[in-house]
Amino acid sequence: MGILSFLGRLFGSSAPSRPSPRDFVAQRDPSAPVLDVRTPSEFASGHLRGALNVDVMSPDFGKRVETLLSKGTLKKDATVYLYCRSGNRSGQAEGMLRRMGFTETVNVGAIGSLKAAGAEMA
């Protein structure tokens, strides 16, 4: 257990934990949506198989999430996985989704680490 994880447990941190890339690949819920929050050009250069591209830096990020909610693709009380290039933007997206009422967001981090752990790519 890392020191930050230990301290979070010790002091009751409400920050969600991030699974290791290997754990994500091995244990992910295959029915849960995966959001790639990178730019469309980054997404086009390679992404996780089945991922949806919703650019967190786009001014219409919230509107696009609302559209996915209205279509039933996303649900506020069901697991949603997020990733980006380094884990930073997916962390920002996770915070935005939580402010929108999502309760089961999981930042799985960086695409390179996920690919190295054996995630299926498209």
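All of the numbers you see were taken from the coordinates with simple rules; none came from a lab. Only a predicted model underlies this, so the values are computations on that prediction, with no experimental measurement involved. Using ideal geometry, Cβ is built from the backbone for each residue, glycine included, and neighbour counts are taken over all protein chains shown.
Just a few scattered comments:
- Checklist (1) on the phi > 0 side of the Ramachandran plot; (2) loosely packed, with under 14 Cβ neighbours inside 10 Å applied to ASP60, failing item: (1)
- The requirement of being of a type in the set (A, V, I, L, M) and loosely packed, with under 15 Cβ neighbours inside 10 Å is fulfilled nowhere in the range 81-90; no residue meets it.
- For the range 34-43, a residue qualifies if it is within 15 Å of GLU120 (Cβ to Cβ) and touching a helix residue (DSSP H, G or I) at 6+ places or on another chain (Cβ under 9 Å), and exactly one does: ASP36.
- Flag for ARG28 being in contact with a Cys (Cβ under 9 Å, 6 or more places away or on another chain) and surrounded by 15 or more Cβ atoms within 10 Å (Cβ to Cβ): no
- Number of the exception - VAL25 against (1) over 15 Å from the mean Cα position of the chain (by Cα); (2) closer than 19 Å to GLU120 by Cβ: (1)
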